[in-house]
Structure formats: structure tokens, C-alpha cells
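Worksheet: the structure to be examined is printed underneath.
The values are calculated or read from the model by the stated rules, or taken from the named source; none is laboratory data. Computed from a predicted model, the values in this text were never measured in an experiment. Every residue, glycine among them, receives a Cβ derived from its backbone with ideal geometry; neighbour counts consider all protein chains shown. For the accessible areas, the whole protein counts, side chains as well, though only heavy atoms, and no ligand, DNA or RNA atoms are used. Shrake-Rupley method; radii C 1.70, N 1.55, O 1.52, S 1.80 Å.
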Amino acid sequence: MTIKAVRGFKDILPDDSLRWVTAEDVARGIFETCGLKEIRTPILEKTEVFARGIGEHTDIVEKEMYTFTDRNGESVTLRPEATAGIIRAVIEHKLYGKASMLKLFTMGPMFRHERPQKGRLRQFHQINCEYLGSQAPLADAEVIWMAWKVLTSLVTSSELLLQINSLGCPKCRPLHRADLQLCLKNLAPKLCPDCRRRAKSNPLRVFDCKNEECKRILASAPLVKHYLCPECSIHLGKVLDILEAFGVPFVQNPYLVRGLDYYVRTTFEIVSPDLGAQSTVAAGGRYDGLVKALGGPDLPGVGMAIGVERLLLLMDIQECRLETNLFVAALGNEAREEVLPLVKELREEGIVVEMTYEEKGLKAQMKQANRLGASHVLIIGDKEIEEEKAVLRDMKTKEQQEISFKEIIPLLKDLFAGE
Ligand code: ATP
Ligand code: MG
């Protein structure tokens, strides 16, 4: 029996990896223009990081984490998201003391034990960014703009919809929570078991339910937007004004809440109807209480996460295969040895060069060059070595020219410049 990958864990195969690199490069480029620096934290953390950082009463902590005791009997967890670990690192290394504001990004695998389906895996990848230390609406807007910019650089923007809401703050949210809980008491018998549980532990999250019947029933429940304090209203208004100035289209969705406990004020999602049930490709918001909850100073924060697998499902770019520029066809043992330094030098010039690893005739080598998509073939046999020149064949036009050994490097450098 052959061994297969674990359910919900997927290989990224060579033909796909270029799309991954493209997405990551685009994100990295955009983050760098906004002055973000990369942070890479461990994939394994003490379970406490997530229990405290995400909140006990969340789907993630209640039922999705890969938690186990290691050989020392310590409870550890494969990270289900990036923010809590990053904040653990920021506090541990006191990064906050060194700059007035920290702007960080990371990308990598996350782990959640969910039911695998299209756009939902047990190991999936995120591109994340976190702004720590600013309460300014500009920080929220910039984070949202970056998510929008990364996605629209890779996907047609008409397929994407940015939804925004405010969840209020510790001042105004309790009033809403009390009214919502009262209302949910009456609605409870009609709601799903998950929502009945949420109604007690974390009522706001009933709005996060994917069940259509619950959504219908909850349409008339009290919304945070009617409870916002003046400060929260002003904050939201300013975020929206800046987004308008940045030219980012959005809609307000008063039902939008986050599954994570620590979010306050701004919350947002970028969705695409093309993704079916797993329609959210990026999500994020403000989490002012989190750094303190994890034992650090009272630093406000705002961040976002892009689901890379969902993004790739939307990317309609052609397979951008890296083509071989040049195939070196060396004929005979002496020629094969003679060309090795040349192959090395051409590669050092950034030219993609291939040759055969076993001795083969010219016909077989030309066939291989074709398969690799080489635009040119450099043919060198015993005769060419004696005369210190080679034959360069253009695979498209089929034209051949003789070039002296000395000319090879400058000519090929010229030929492939800018590719
Ligand atoms: P969902 O409602 O789809 O479960 P979520 O609210 O749990 O998403 P977040 O914790 O906000 O998701 O994660 C941010 C993004 O990461 C999501 O918008 C999505 O694109 C991606 N994501 C989350 N869970 C998965 C998963 N199991 N497989 C693939 N991508 C995921
Ligand atoms: Mg989820």
C-alpha cells in the first residue's frame, strides 16, 4: 500500500509553486512599500498562547486546534493563526520599545482540524500583517488597503467585495451584548445547537453562523451599529473616508463579526462569490485588547490575513512556467567536459541553462531542448572545440550562426538581457 498525505494536508507540486511565489512576491512588494518588516515565528507554540490569544469560546480553540502533549508532558499546539504567536514574540523580545509603531508581516502554514472541502484545508497558508501601537484610523485603512491591493494585483477586482463593520469597544459593546442576549433568549429554541451555545458564551458570534436558517432568524436581532459610542462612530467614519481617498470600494455589512474574541471597532472581510461556501479570501480588523491580554503593554493593534489557497483559486493567471533560455548540446565526452565551466558562467549571469546529464546523440538532445522549451541551443562537438567556436541555433526561426568561444558569454548575455 502506498502512503498518502494526511487528510486535509496538501502537497504544493512543482507546476503550482510558481503561482505561490508570485502571490508571495506581490504581497512582499506591497508590504515593503508601506514600511513593514517580516517576522517568522515558530509553527508550534505553547497551547496557552492561543487559548489566551484567540479566546476560549471560539470555534478555533473549542474544536479546531491540533493540540498535543509533547514528550515532556507540555501542552503544545500547531498554530491555527498567526497573530497570537507574533504578539507572544513581540512581548518576549520587547520589540515595542524600539519603535513608536511596529509594522510586521509574515506568511506561512496554519493548522485547523476542520472538515476539508474546497477552499478549506487542515493545513492552509496565510499572508498576514499586523500594525501594533497605533489607534489611528489611518492604521486600519492602510491594513485594509494592503489586503485589497494584494488581492486586486492578482485577481480581477470586479470579483472582489470588501465588507466593513465596527464591533464597538469595551465602552459600547456591553450595552449591545445585554440586549442581544435578551433577544437570543427568545430566539434560542429556533437556533442551531452551536448558536444556542454561543448565545450564552459569546453572543456576538451568532452572527458568524453559516447556517441559513439561523441567518434568517437573526436578521432582526439588535446590531452593534445602533449602539456605537461617539468615539467608535467617528473612528469608523474616518476609516471609511480614508478608504474612499485611497480609491478602495467597500460596502458596510452590519452583520459582519469576527470569530475571534479580541476584535474591537473595525472588522472587515474581502469576499468573492466565485469561492462558493468558503467565500472569504481575506479578513481582519482591530484588536486593541490583545497585547495586554497576552501579558504585554496596552498596545492597540490592527491586522489582516489573506487565505492563500482561496486566493490561488481566484487567480486566473496562466501557468507561468519558468522557461529554459538555453540548452547546451555537447557531443562527445571531451566536449561535455569542455562546456562545464561555460554552463556555470552562463548560470552565474542569470541565464537559465540546461544540458543532458548522460551522454546522448544530437537528435535526442534537440528533442530534450524542445521539451524544456529552450529558445536557443548551443551546439558544441569535437570539431567546434578544435576551431574554438560553437553553433547557436534559434529554436523558433531555426536559424543557425557560428560564434567564437570568446563571443559566447557577451552575446548570450545580450540575447537574454531583461528576461
Ligand atoms: P471561515 O469563516 O471561512 O472559517 P475564519 O473566520 O475561520 O474563516 P480567519 O481566522 O479570519 O478565518 O482566517 C483568515 C483567512 O484565512 C480566511 O478568510 C480564509 O481565507 C483563510 N482560512 C481560514 N481557515 C481556513 C481553512 N481551514 N482552509 C483554508 N483557508 C482558511
Ligand atoms: Mg473558521
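Structure notes:
- Residues (without any contact (Cβ under 8 Å) to a residue 40 or more places away in the chain and near ligand 1 (Cβ under 8 Å from one of its atoms)) located in region 90-127: Met110
- Strands (runs of 3 or more DSSP E) contained entirely in region 191-308, each with at least 2 residues that are out of contact with any Cys (no Cβ under 9 Å at 6 or more places or on another chain) and free of Cβ contacts under 8 Å to residues at least 40 places away in the same chain: 280-286
- Test: residue in region 281-290 that is open to solvent by 20 Å² or more (accessible area, probe 1.4 Å), closer than 24 Å to Asn202 by Cα and not aliphatic (A, V, I, L, M): yes
- Residue count for region 70-104 under the criterion of being within 26 Å of Thr33 (Cα to Cα), open to solvent by 50 Å² or more (accessible area, probe 1.4 Å) and more than 24 Å from the chain's Cα centre (by Cα): the result is 6.
- Only one of the numbered conditions (1) open to solvent by less than 90 Å² (accessible area, probe 1.4 Å); (2) over 17 Å from Lys389 (Cβ atoms) is not met by Tyr357, and that is (1).
- When Val251 is tested against the conditions (1) over 19 Å from Leu228 (Cα atoms); (2) among the aliphatic types (A, V, I, L, M); (3) out of contact with any Lys or Arg (no Cβ under 9 Å at 6 or more places or on another chain), the lone failure is (1).
- For Met65, the criteria (1) at pLDDT below 95; (2) within 16 Å of ligand 1 (Cβ to nearest atom); (3) surrounded by 17 or more Cβ atoms within 10 Å (Cβ to Cβ) hold in every case but one, which is (1).
- Scanning region 393-415 for residues that are within 19 Å of Glu334 (Cα to Cα) and crowded, with 19+ Cβ neighbours inside 10 Å yields a single hit, Ile408.
- Residues located in region 86-138, provided they are in contact with a strand residue (DSSP E or B) (Cβ under 7 Å, 6 or more places away or on another chain), on the phi > 0 side of the Ramachandran plot and assigned to a loop (DSSP other than H, G, I, E, B): Gly133
- Being of a type in the set (A, V, I, L, M), touching a Ser or Thr at 6+ places or on another chain (Cβ under 6 Å) and under 30 Å from Tyr96 (Cα atoms) is a condition met by at least one residue of region 278-294.
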